1. Of all the residues that make up segment 161-174, how many are open to solvent by less than 10 Å² (accessible area, probe 1.4 Å) and either touching an Asp or Glu at 6+ places or on another chain (Cβ under 7 Å) or assigned to a loop (DSSP other than H, G, I, E, B) (or both)?
2. Give the residue that is nearest to Pro207 (Cα to Cα), with candidates limited to residues of segment 251-277 that are aliphatic (A, V, I, L, M) and touching a strand residue (DSSP E or B) at 6+ places or on another chain (Cβ under 9 Å).
3. Could you please tell me which pairs satisfy a Cβ distance under 7 Å, a separation of 6+ or placement on different chains, a first residue in segment 84-106 that is closer than 18 Å to Ser136 by Cβ, and a second residue that is aromatic (Phe, Trp, Tyr)?
4. Among (1) over 30 Å from Tyr173 (Cα atoms); (2) among the hydrophobic types (A, V, I, L, M, F, W, C); (3) in contact (Cβ under 8 Å) with a residue 40 or more places away in the chain, there is one condition Phe31 misses while meeting the rest; what is its number?
5. Do we find a residue being surrounded by fewer than 19 Cβ atoms within 10 Å (Cβ to Cβ), in contact with a helix residue (DSSP H, G or I) (Cβ under 7 Å, 6 or more places away or on another chain) and not assigned by TED's automatic domain parsing to the domain that holds Asn285 anywhere in segment 128-147?
6. For Thr198, state whether it is touching a residue at least 40 places away in the same chain (Cβ under 8 Å), within 11 Å of the ligand (Cβ to nearest atom) and buried (at least 24 other Cβ atoms within 10 Å of the Cβ).
7. Does any residue of segment 47-68 turn out to be surrounded by fewer than 22 Cβ atoms within 10 Å (Cβ to Cβ), out of contact with any strand residue (DSSP E or B) (no Cβ under 9 Å at 6 or more places or on another chain) and β-branched (Val, Ile, Thr)?
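The values are calculated or read from the model by the stated rules, or taken from the named source; none is laboratory data. From a predicted model like this one, the values you see are computed outputs, not experimental measurements. Here the Cβ is made from the backbone with ideal geometry for all residues, glycine too, and neighbour counts use every protein chain on show. For accessibility, only protein heavy atoms count, side chains too; no ligands or nucleic acids. Shrake-Rupley method; radii C 1.70, N 1.55, O 1.52, S 1.80 Å.
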Amino acid sequence: MKEPIYLDHAATTPMHEEVIDAVSTCMRETFGNPSSIHQYGRQSRRLLDEARRTLANSIHAKEKDVYFTSGGTEADNLAVIGTALANRDKGNHIITSKVEHHAVLHAAEYLETIGFDVTYLPVDENGIVDVSTVASHLRDDTILVSVMMVNNEVGAIQPIREIGQLLNEHQAYFHTDAVQAYGLLPIDVTDLMVDLLTVSAHKINGPKGVGFLYSQPAVSVQPHLFGGSQERLKRPGTEALPLIKGMEKAVSLFKNDLAKEYEAYRTLFLDQLNTLGVKYSINGNLENASPAIVNLSFDGMNVESLLMNFDLEGIAASSGSACTAGSIESSHVLSAMYEQNDERLNSAIRFSFGLANNEGQIKEAAKRIANVISRLQ
Ligand SMILES: Cc1ncc(COP(=O)(O)O)c(C=O)c1O
């Protein structure tokens with residue numbers, strides 16, 4: 001059995017050892033409910049406040065504007081559905097893009113079923129939304145624009161600051177899903193002019209099942225849950241303190257030069273594939289993209305057999321395609337970037353780099369991939 005090589009960090013990441021320590025220390029030492037007034041509760045409240053401060057600082061926001069959630073999906077749902085419902089008196093129109101994560105897309109589709117009008121913006125061949133297209137679809141009754149910061153399938157970086165500037169004079173609130181950008185790109189919510197921003201911990205070597213939504217004070221958001229007064233009523237429920245402490249630790253381990261490190265992996269990976277004579281095309285472009293993600297199509301191959309054979313070789317990668325009733329449905333992201341009958345849709349594989357990798361593994365992965373491709377040809 002070959003040593004497994006994990007190249008699927010955009011799906012999830014291994015927890016950092018120090019994060020595991022932070023989670024278990026909290027579980028062992030601090031079990032009080034942060035809402036309790038006795039010393040057990042006060043101790044938990046102090047730890048919770050500390051974490052909220054670290055997370056707020058990480059996006060240059062104020063502590064009171066950070067709302068803990070069960071992860072990116074919940075934060076996206078709260079941002080999209082919660083903002084739409086709370087602002088219905090101002091309009092009925094929402095703008096998002098065709099390449100959003102399903103946590104945004106399916107939330108938008110739900111809004112359509114209850115009478116909202118949703119525009120799904122097209123993207124170019126690189127998966128990028130054009131700011132002028134946002135402008136041309138803005139209406140007086142637009143109440144929300146949701147465009148992700150970094151695409152999870154091809155890594156495309158969207159022009160968030162430019163969209164923020166465009167919306168500055170408009171009533172529409174601006175939400176960005178920053179799940180794949182957080183920890184890699186600098187994020188300053190004031191500079192980006194975003195009103196709402198989604199983060200998930202398990203993409204940054206933190207625990208699964210925790211994340212947060214940043215929401216600036218002027219945005220009204222209708223909660224999905226009803227219960228206690230936690231998270232200033234926007235997200236009731238006893239806070240998952242050990243997971244939150246794990247997320248805080250993951251953030252405290254952020255490195256400034258991470259993007260450079262992954263760029264070096266990406267360059268090495270592609271160079272090795274080239275040296276080994278592997279024929280591939282890059283989906284999207286490398287300039288305006290997260291260096292942690294590279295999406296390649298292998299001419300004449302199909303996704304299912306590629307993934308199966310990579311797995312047999314110990315390579316963990318993924319595709320954006322969904323397997324529905326035994327047939328493979330093309331990725332909605334690549335379908336938005338290319339023509340429907342484009343060959344690249346059938347053989348696209350996403351490789352994503354992270355903590356579980358080193359240079360040796362990247363070289364070895366390229367070698368095994370080259371073997372698979374020549375075997376399948
Ligand atoms: C861009 C993006 N948004 C949202 C999510 C959902 O986050 P979570 O898994 O924490 O619910 C993901 C995770 O796949 C993602 O990549």
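1. 2
2. Result: Val251.
3. So the pair list comes out as Ile94/Phe116; Thr96/Tyr120; Ser97/Tyr120; Lys98/Tyr120.
4. (3)
5. Yes: one or more hits.
6. It is true that Thr198 is touching a residue at least 40 places away in the same chain (Cβ under 8 Å), within 11 Å of the ligand (Cβ to nearest atom) and buried (at least 24 other Cβ atoms within 10 Å of the Cβ).
7. Yes: segment 47-68 contains one or more residues that are surrounded by fewer than 22 Cβ atoms within 10 Å (Cβ to Cβ), out of contact with any strand residue (DSSP E or B) (no Cβ under 9 Å at 6 or more places or on another chain) and β-branched (Val, Ile, Thr).
Matching residues to (1) farther than 30 Å from Gly360 by Cβ; (2) under 24 Å from the mean Cα position of the chain (by Cα):
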residue	(1), (2)
Ile5	no, yes
Thr12	no, yes
Val19	no, yes
Thr25	yes, no
Gly32	yes, no
Ser36	yes, no
Gln39	yes, no
Arg52	yes, yes
Ile59	yes, yes
